[in-house]
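A quick write-up on the structure given underneath.
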Amino acid sequence: MKKIFVLSSNPEKFSGALEHYAERNFTPEFIVTDEHLSFTEGIQKVIKESDDEDYIIISTSQHRFCSSFSQDHLEKCIEKVKRLDGNLLLGGLLSFEKVIEVSDHIFWVDGFKGSQFMIIFKKTYSLFLQRNFNAKLPLDVFLSSHLEDVFVMHPFISQFEDDGNLQSFENTTDFQYIYDNPEVFLDELSQIKKYYSYEP
């Protein structure tokens, strides 16, 4: 089973979440965040303890797996982004600023918000370990401001579910255009690309 680190300020949610991950072949390690440990600091802690791993998987208590989730889809997307030398792979998101399809099921995104499931690759670890690391900056803002090679998989495997967690990192970045359903928008872009890439 692949380890996944689950951050939440509501530890009472952990017992119910255990089965949610285990039935999809994940071994969850729960990390309690509070006024003394932000989400970003929680990830920094994980990276310090897992710096020999090629990547780490992070989620929050507000992540829920979509019906489209499969280990095969996840693993193929991870391998594609590794070949693209990516910093970050998102399992889903609430919105973005710019997006381009770079491969089947993989979109490059510039500026994002509301991802509750992410794969952080080894090349990104140093960002969290640098001396001027700003642990108090909201995670979406921090990552969108510092990373260029950010990708999101399609179809999404993760969706946002409001559980009242005040430390969640949705709604931290205001974009001029927010799509009602970003996954539908990505699907439309993918269909357009396939149409114009077709050669009889």
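Quick notes on this one:
- Of residues in region 64-105 being open to solvent by 10 Å² or more (accessible area, probe 1.4 Å), touching a Leu at 6+ places or on another chain (Cβ under 9 Å) and not charged (D, E, K, R), the one farthest from HIS146 (Cα to Cα): SER103
- Region 24-40 - residue that is out of contact with any helix residue (DSSP H, G or I) (no Cβ under 6 Å at 6 or more places or on another chain) and surrounded by 15 or more Cβ atoms within 10 Å (Cβ to Cβ) and, of those, nearest to LEU143 (Cα to Cα): SER38
- One residue stands out among those in region 41-63 that are of a type outside the set (Ser, Thr, Tyr) and farther than 16 Å from PHE30 by Cβ: the one that is least open to solvent (accessible area, probe 1.4 Å), which is ILE47.
- Residues in region 175-200 that are at pLDDT 50 or above, out of contact with any His (no Cβ under 8 Å at 6 or more places or on another chain) and within 23 Å of SER115 (Cα to Cα): ASP180, ASN181, PRO182, VAL184, PHE185, GLU188, LEU189.
- Subset of region 126-166 [surrounded by fewer than 15 Cβ atoms within 10 Å (Cβ to Cβ) and either closer than 16 Å to ILE100 by Cα or modelled with pLDDT of 90 or more (or both)]: SER126, GLU148
- Output for region 1-23, where each listed residue is part of a loop (DSSP other than H, G, I, E, B), open to solvent by 60 Å² or more (accessible area, probe 1.4 Å) and not hydrophobic (A, V, I, L, M, F, W, C): GLU23
The values are calculated or read from the model by the stated rules, or taken from the named source; none is laboratory data. Since this is a predicted model, take the numbers as computed values, not measurements. Backbone-built Cβ (ideal geometry, glycine too); neighbour counts: all protein chains shown. Just the protein is used for accessible areas: all its heavy atoms, side chains included, with ligands, DNA and RNA removed. Shrake-Rupley method; radii C 1.70, N 1.55, O 1.52, S 1.80 Å.
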